[in-house]
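Each value in this text was obtained by applying a stated rule to the coordinates, not by laboratory testing. These numbers were taken from a predicted model, which means no experiment stands behind them. Please note: Cβ atoms are built from the backbone with ideal geometry, for glycine as well, and neighbour counts cover all protein chains shown.
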Amino acid sequence: MAAAIELHGVSKRFRFHGGRPPTTVKSAVLELVGRRRRRMKERFAALRDIDLTVETGRTLGIVGANGSGKSTLLKLIAGIYRPDSGSLRVHGRVAPLIELGAGFHPELTGRENVVINGIILGMSQREVRRRLDEIVDFSGLAEFIDAPARTYSSGMYMRLGFAVAVHLDPDVLLIDEVLAIGDEAFARKCADRLADFRRVGKTMLLVTHDSAAVERWCDEAVWLDRGVMRAAGTPRKVIDLYRQAVAEEESDMLARAYEPPAAPAVEAVETQTPPAPTLDRWGTREIEIERVRLDDAYGNERYVYAAGDPVTIRFRYRVNRPVQSRVFGFAILRNDGVWVYGTNTNLARIGLPDLRGSGEVEVTIDALDLIAGSYFVDVAVHAEDGTPYDYHSRRYPFSVRDDATEHGVAKIRHRWRIVPGDARDGRP
Amino acid sequence: MTRAFKELLAYREIVLILIWRDLKTRYRGSVLGFLWTFLNPLLLMIIYSLVFSVYMRVEVRAYPIFVFAGLLPWIWFSSAMLSGASSIVESGSLIKRVPFPPHILPAVSVTATLVNFLLALPLLVGFMVVWGFPLGWSLITLPLTIAIQYVLTLGLAIVMSMLTVRYRDLQQLLANLLTLWFFLTPVLYPTTMVPERFQGLLMLNPMAVLVTAFQDALYGAHAPPLRHLSAVAAIALVVLGLALALSDRLRWGLAEEV
């Protein structure tokens, strides 16, 4: 199959505007008069030596943190930027779905904006006029289409922008974080449209933070990290690597944050006031929790599990001031906040030994029977009346993989048995 | 340069639709709407006539007609330069999301203001008829003069629009510069009032040549001196050529900086 997009050794650098005010004639003249040498053009590499080939009809997902160069890559392919080095070839008409509706003029009506937008994106006047009704129909904004665009909501802007873009009849679609547009019904319509494009063999590039969307839509994926391609391959493989790296980075950061202060005097610890609560951690710190990690059956730290895998939540505690009333607890939350499960040593009637100094707590889950998705583990230590000593919420993400597609939260183990009607009828 | 020129032609459909947008948005939502095209030069003509013809008694036959014939091309030039200079900065969102040859944006400004100029021209001709001016053969030189001014303005507007992306205060500078330029251009006074020894200096200004060409053809009812006009035509072509070459050099940086 022919390649729709080919990049070889593509690099892109940007001038760095860190803190410098925009140039003006005044400042340029002052620099000249004052004989101040202009500072060397500071540049940073947005993309370094990217090799990428996308076959015609394939959908490629691009994942990575903010500032990793995803959008720059898209703009290079769209022809908005030019690479500093390397070669780049794109075959066919490209529809960039970047910042949809950004070019709309607020004083013009929706209909007029559709015409202008369509022509700017590469349709001919005749083409736009022919498809105008179709576009308006798709946007679902027929009753507002003759009102000025300034009266539209931002959702309506994007819907109209998306409607124009998907009617371009492109060969290559570049999609930048625009999958979740408008209400649920419209989002579904967009998804259907993209599925149509896939079916008829359009090439698509999808930039998104939503790794579930990459798995759902893409044939392959790449992971960009600070301008370098860290991984390429099947979406699942790339996303697992990406998530693992993100989780490790986070736990590294947490571990560093927990480094005990250098030789603290015992009295000082006693009188220390608890640190101010943050969104993901609070409590009076009579007992502290540190180094929370998730281990697989072999004791390796991991943050991606297959459904049904055993998992051990392991963390260290440190007693700053002995207290009589103490309870350890943990909970599992889905990334949208749904509370999947929660319990503590009190509810489970686990007797705690005398706690002094520091030690370790292990919670072993024999089978992580969860539907595939992203989750968090919360851990806490608190008094019996609920007063938190140290509460860690939504700090430790992990994800669950599953080959099966199921719905809901928990993977309920079950069996089916279908009894044919005539078998029952045959009974006496 | 040739590529930039070909793009101007290849993107003419976009140019046309953007001109249409420009004209439509300029007058939508204003009470007088389309009448603004006429009102601005008309008011200027009345004020200048009052000041220079009634108060200061400049000895020029049918001064309002004379001033109007010079004002129209000047207003075209200055409004094209002002809107052209800011055109790329203002359409930053467009350049950042669609691959787009940036120099077609100043081309839109220059062409849209040309449309306004052409719409106001019949008003001048109407005044001349009412005043009893003869409409002579000299009018056939108008398209040539318009074409030369178009090329010159387009070249200058492209250069200004690209430099404005880098130097944002260039716009204010340009506004002041245009005011000075206006008084150095024989719009309010005929060239015959300028002392002999300044005549050569006066005609170094291409806009002086163009404005007097309009005044000659309309008010003076005689063909403008082709020697000056052809010199300006050559300058205009060189300026446009340089502007398109500059566009080829700067275009890729613009999407990153705008």
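Projecting the Cα positions of B:Leu240, B:Asn40, B:Val129 onto the charge dipole of chain B (unit charges on Cβ atoms of Lys, Arg, Asp and Glu, taken about the Cα centre) puts B:Leu240 furthest along the positive direction. Taking amide H atoms as placed 1.01 Å from N in the peptide plane, the amide H of A:Val304 lies under 5 Å from those of A:Ser399, each 5 or more residues away in sequence or on another chain.
Annotation: for a label point projected 7 angstrom from Cα along Cα→Cβ of A:Arg413, residues of the stretch A:297-334 with backbone N closer than 17 Å are A:306-311.
Less than 15 Å Cβ to Cβ from A:Ala195, Lys/Arg counted +1 and Asp/Glu -1: what total charge do the surrounding residues give? Combined, the nearby Lys, Arg, Asp and Glu give +4.
Among A:Arg413, A:Arg93, the order by Cβ neighbours within 10 angstrom, fewest to most, reads A:Arg413, A:Arg93. Assuming charge only on the beta carbon of Lys and Arg (+1) and of Asp and Glu (-1), the dipole of the protein assembly as shown about its Cα centre is about 2160 debye to the nearest 20. Here is the tail figure for the stretch A:142-243: Cα pairs spaced more than 18 Å apart come to 54 percent of all pairs.
Dipole magnitude for chain B: about 340 debye, using +1 per Lys or Arg Cβ and -1 per Asp or Glu Cβ, origin at the Cα centre. What separates the Cα centres of the stretch A:186-253 and the stretch B:82-118 is a distance of 37 Å. What FRET efficiency would be calculated for the residue pair A:Ser27, B:Val238, taking the C-beta separation as r and a Förster radius of 30 Å, to the nearest 0.05? Once the sixth-power term is evaluated, E becomes 0.50.
In percent, rounded to a whole number, the relative contact order of chain A is 14, using alpha-carbon pairs under 8 Å and six or more apart.
Of the listed pairs B:Lys24/B:Lys96; A:Lys70/B:Lys24; A:Lys189/B:Lys6; A:Lys202/B:Lys24, which have alpha-carbon separations greater than 28 Å here? In this structure, A:Lys70/B:Lys24; A:Lys189/B:Lys6; A:Lys202/B:Lys24 exceed 28 Å between Cα atoms. The angle between the Cα long axis of helix A:154-166 and the main principal axis of chain A comes to about 60°, on a 0 to 90 degree scale. A straight chain from A:Ala297 to A:Thr387 at 0.36 nm per residue would run longer than the Cα-Cα distance by 29.1 nm.
Rounded if a/c is under 1.5, else prolate if a/b is larger than b/c, else oblate: which is chain A, with a ≥ b ≥ c the root eigenvalues of its Cα gyration tensor? It is oblate, given that a/c is not under 1.5 and a/b is not larger than b/c. Listed values for the stretch B:140-147 are Karplus-derived 3J(HN,Hα) couplings in whole Hz (6.51 cos²θ - 1.76 cosθ + 1.60, θ = phi - 60°), namely 5, 7, 4, x, 5, 4, 4, 4, and x replaces Gly and Pro. Computed from label points 7 Å out along Cα-Cβ, the spacing between A:Ala147 and A:Val323 is 5.5 nm.
Sequence-ordered 3J(HN,Hα) estimates for the stretch A:230-244 from the Karplus curve with 6.51, -1.76 and 1.60 and θ = phi - 60° stand at 8, 7, 8, x, 5, x, 4, 4, 5, 5, 4, 4, 4, 5, 4 Hz, glycine and proline given as x.
Note: relative contact order over the stretch B:2-257, using C-alpha pairs below 8 Å and six or more positions apart, is 27 percent.
One Cα centroid belongs to the stretch B:152-193, the other to the stretch A:86-133; the line between them spans 34 Å. Put in line by how crowded their Cβ is, counting other Cβ atoms within 10 Å and starting with the fewest, A:Thr203, A:Thr343, B:Thr141 read A:Thr343, B:Thr141, A:Thr203.
The amide H of A:Glu55, built 1.01 Å from its N in the peptide plane, has A:Ala4 as neighbours under 5 Å, considering only residues 5 or more places off or on other chains.
Across every pair of non-identical alpha carbons in the stretch B:2-257, the mean reciprocal distance, once inverted, gives a Kirkwood radius of 19.2 Å.
Fewest-first ordering of A:Thr208, B:Thr164, B:Thr212 by other beta carbons within 10 Å of each residue's beta carbon gives A:Thr208, B:Thr164, B:Thr212. Taking trypsin sites (Lys or Arg not before Pro) across the stretch B:47-155, the ones in a DSSP loop with at most 13 further Cβ atoms lying within 10 angstrom of their Cβ are B:Arg57, B:Arg61.
Sequence-ordered 3J(HN,Hα) estimates for the stretch B:88-98 from the Karplus curve with 6.51, -1.76 and 1.60 and θ = phi - 60° stand at 6, 4, 5, 9, x, 4, 5, 5, 7, 10, 10 Hz, glycine and proline given as x. Of the trypsin sites (Lys or Arg not before Pro) found in the stretch A:271-377, those that fall in a DSSP loop while having at most 14 other beta-carbon atoms within 10 Å are A:Arg349, A:Arg356. Sorted from greatest to least, the principal axis extents spanned by the alpha carbons of the stretch A:258-401 come out as 48, 33, 30 Å. Look at the stretch B:96-106: the mean tally of other chain Cβ atoms within 10 Å of its residues' Cβ atoms is 5. Using just its DSSP H runs of length 4 or more, each adding -39500 (n - 2.57), chain B gives a mean residue ellipticity at 222 nm of -25000 deg cm²/dmol after division by all residues.
Near A:Ala46, the amide H atoms lying under 5 Å from its own belong to A:Lys12, A:Arg13, A:Phe14; only residues 5 or more places off or on other chains count, and H is placed 1.01 Å from N. For the stretch A:336-350 versus the stretch B:129-151, the inter-centroid distance based on Cα atoms is 89 Å.
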